[in-house]
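Everything on this sheet refers to the single structure shown next.
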């Protein structure tokens, strides 16, 4: 991998503005939630025919997607408060995949869903300020966690299978012992929230959240240094916490020169590189080294990014864009293009 | 045509007898003051309420999205993520962000076909509050001033035009144009009693009374020969200040019950709605409450969720209280903004300025309850039926209050049309 050689490997056009993206754990497909009230499944290939693109009708905007059953099941969380189970690898011959199950999970938006490390539980967070735990196999509720006082923007299971962390609009974090249903500790990412005195509203929260594969770091992404909430004037930010120590972030990754926008998605690569996708005033991919506040590499994207996902092989990034394109980036040098032979007429 | 009305510095007796309604109003004001505690009794309140018409304007500052409020288009490319919910009016749906208001829509109506062709904040505000299109060198009074002037019975009284916002300063605004400072709005912050509204402790009541009598004597002597708009404004300001001091508790929210303060909520807008109720009960003619802010170029959906979540409950409680107290039939309620927001959703999940197809909500005095006037197309990009301008709405407000919107104010010998003659009321939503 060489992130400085990152390039668009292929570009999948959905048409409707995109909201979210996730790779299939088995590396067969990539899924994208769109403003057309659907999730789209596409083969991971730039040569796939349009007919291989499959729609999953969700009747809502889907920001949260997670997988269960070793990647065979996709669970979506939508703005209608429903969780829907789909067969991730389902037959595409009809152009769409029917859901297996849909449940009324929350009163208000679901912004985020996650699967426990053992694959048995699904966690969802809603605008009803609740986190609910569901049996991945049958969709039955098995737990509920209450404690947030503002909308919950993101959550992630710790790889140890004991802890779940959730973050809200006010940039508060809660570490849960989810089996016991208890809060272990709380803390706050001060830089990721602000009350705009002109517009009389709070802006902030965790737009992206992830653990490092070894569980030693927790990263959250969003917007900081906001000078105008309602125009979205502020800088993308990634804050990284030492999981054991908790407390203030060990580092806040910002952009060289102060790009404007929101870091809508964050990834912690196993090699230590921190990556964010930015949207708001143009799209960017930003790359940081663990101990450096400013990005050491960036890529200007063709359009504002709204989500980011790192592929299971650690070599690709998916970015969901407002222009309706899902872009798959490969983090290594581009293979030399084979030049097509010129038509005979031009040879002479 | 010669006017029967006396104008400035003519030396007629009319100026002298103008003090009589002053005294009459003062007595009425005292009665209202002594009756404050009775307003907790809906029957008494209803009897008083029927005697005067009033107007409540809720200004959704920054540009409320019609798609996230009064004219949702769920499931379309412009509709956004929110759903529409049924209301207490069969067939009428509004955004799911307004669940409490939805239950009160049988008291309210919607105009869904506004095309002001404007996307500028200050122009839009001017148009919606004056009913006029801005013209260089010309200024028109805002609706609150027009209503306060039209309902003015001639004597001194509390300011008839009050604006409440989180940034209220206690000052008067220059929003009455040629109607003069008596009808300019007084700006309140809402959550604290008026400042400087009590007699200084080192000034005895007798001394204050003697001082006022001398001032009145000198004013009257001067005014009988050299009356001008400026001297009138000076006298009126003093008279209103006297009334404010006498009736300072009208503005004191702590006089409301703990139960009511809890019902309305502890945030600014909740307190402001309760204060609006209190002011309307005490015969302030026009109260405008601002709720900020809806200028959501960025993250329209999150911000509308937060803002309308704050708006919905206290507004619905206020409508309910006005109804329960018998005041709604004499109080015109209008929820307006300077414009709507674009159907197109931008890259930041925002909606931008949009004056071409948007909505207001109105109800109460003179308005058919539960009506929908006008229509936009399937995804809200244009008006398809019964397009209206800010001028039509302005005429409608006046007509609903029982005023002849085609009449004129006579100021200094000149006639000023009370509303833009190019427009007329929307008759279909008037009772």
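The values are calculated or read from the model by the stated rules, or taken from the named source; none is laboratory data. Note that the coordinates shown come from a computational prediction; the quantities given were computed from them, not determined experimentally. All Cβ positions, even for glycine, are placed from backbone atoms using ideal geometry, and neighbour counts span all protein chains on display.
Residue pairs whose Cβ atoms lie under 7 Å apart, sitting 6 or more positions apart in sequence or on different chains, and linking a residue in segment B:286-315 that is within 8 Å of another protein chain (Cβ to nearest Cβ) to a partner that is part of a strand (DSSP E or B) and surrounded by fewer than 24 Cβ atoms within 10 Å (Cβ to Cβ), are B:292/B:61; B:293/A:201; B:293/B:61; B:303/A:201; B:306/A:201; B:307/A:201.
Of the residues making up segment B:116-139, those that are crowded, with 18+ Cβ neighbours inside 10 Å and farther than 23 Å from residue B:178 by Cα number 3. Here the strands (runs of 3 or more DSSP E) wholly within segment A:289-334 that include at least 3 residues being buried (at least 21 other Cβ atoms within 10 Å of the Cβ) and either more than 19 Å from the chain's Cα centre (by Cα) or within 14 Å of chain B (Cβ to nearest Cβ) (or both) are A:305-310, A:316-321.
One line per residue, one yes/no per condition, for (1) surrounded by fewer than 18 Cβ atoms within 10 Å (Cβ to Cβ); (2) under 15 Å from residue A:112 (Cα atoms):
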residue: A:124; (1), (2): no, yes
residue: A:149; (1), (2): yes, no
residue: A:153; (1), (2): no, yes
residue: A:162; (1), (2): yes, no
residue: A:170; (1), (2): no, no
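Entry remark, segment B:327-354: residues being out of contact with any strand residue (DSSP E or B) (no Cβ under 6 Å at 6 or more places or on another chain), farther than 27 Å from residue A:282 by Cβ and either at pLDDT below 95 or buried (at least 24 other Cβ atoms within 10 Å of the Cβ) (or both) number 2 in total.
Among the residues of segment B:383-413, which ones are touching a residue at least 60 places away in the same chain (Cβ under 8 Å) and either in a loop (DSSP other than H, G, I, E, B) or surrounded by fewer than 13 Cβ atoms within 10 Å (Cβ to Cβ) (or both)? Hits for segment B:383-413 are B:385, B:386, B:387, B:389, B:401, B:402, B:403, B:412, B:413. Strands (runs of 3 or more DSSP E) fully within segment A:63-135 that include at least 2 residues being free of Cβ contacts under 8 Å to residues at least 40 places away in the same chain: A:82-87, A:101-104, A:130-135. Just so you know, in segment B:329-344 the residues that are closer than 21 Å to residue B:375 by Cα and not in a strand (DSSP E or B) include one that is nearest to the other protein chains (Cβ to nearest Cβ), and it is B:344.
Restricting segment B:252-285 to residues that are touching a helix residue (DSSP H, G or I) at 6+ places or on another chain (Cβ under 7 Å) and within 14 Å of chain A (Cβ to nearest Cβ) leaves a set whose member that is modelled with the lowest pLDDT is B:267. Of the set (1) within 14 Å of chain A (Cβ to nearest Cβ); (2) in contact with a helix residue (DSSP H, G or I) (Cβ under 9 Å, 6 or more places away or on another chain), all apply to residue B:347 but (2). Of everything in segment B:350-361 that is in a loop (DSSP other than H, G, I, E, B) and away from chain A (no Cβ under 14 Å), the residue that is nearest to residue B:124 (Cα to Cα) is B:355.
Scanning segment A:172-223 for residues being surrounded by fewer than 19 Cβ atoms within 10 Å (Cβ to Cβ) and part of a loop (DSSP other than H, G, I, E, B) gives a total of 9. For segment A:184-201, residues that are within 14 Å of chain B (Cβ to nearest Cβ), free of Cβ contacts under 8 Å to residues at least 24 places away in the same chain and within 15 Å of residue A:150 (Cβ to Cβ) total 1. Taking segment A:202-224 as the range and being out of contact with any helix residue (DSSP H, G or I) (no Cβ under 6 Å at 6 or more places or on another chain) and within 14 Å of chain B (Cβ to nearest Cβ) as the test, the residues that pass are A:202, A:205, A:206, A:207, A:223. Of the candidates A:46, A:59, the single residue that is assigned to a loop (DSSP other than H, G, I, E, B) and either within 14 Å of another protein chain (Cβ to nearest Cβ) or closer than 25 Å to residue B:344 by Cβ (or both) is A:59.
Check segment A:228-235 and report whether any residue there is within 14 Å of another protein chain (Cβ to nearest Cβ), modelled with pLDDT of 95 or more and under 15 Å from residue A:153 (Cβ atoms). The answer is no; no qualifying residue exists.
With respect to the stated conditions, residue B:357 fails to be free of Cβ contacts under 8 Å to residues at least 40 places away in the same chain and closer than 30 Å to residue A:322 by Cα.
When you look at residue B:247, is it away from chain A (no Cβ under 14 Å), surrounded by fewer than 23 Cβ atoms within 10 Å (Cβ to Cβ) and under 30 Å from residue B:355 (Cβ atoms), yes or no? The answer is no for residue B:247. The sole residue among A:261, A:280 that is buried (at least 24 other Cβ atoms within 10 Å of the Cβ), at pLDDT 95 or above and within 14 Å of chain B (Cβ to nearest Cβ) is A:261.
The requirement of being surrounded by 24 or more Cβ atoms within 10 Å (Cβ to Cβ) and touching a residue at least 60 places away in the same chain (Cβ under 8 Å) is fulfilled nowhere in segment A:48-62; no residue meets it.
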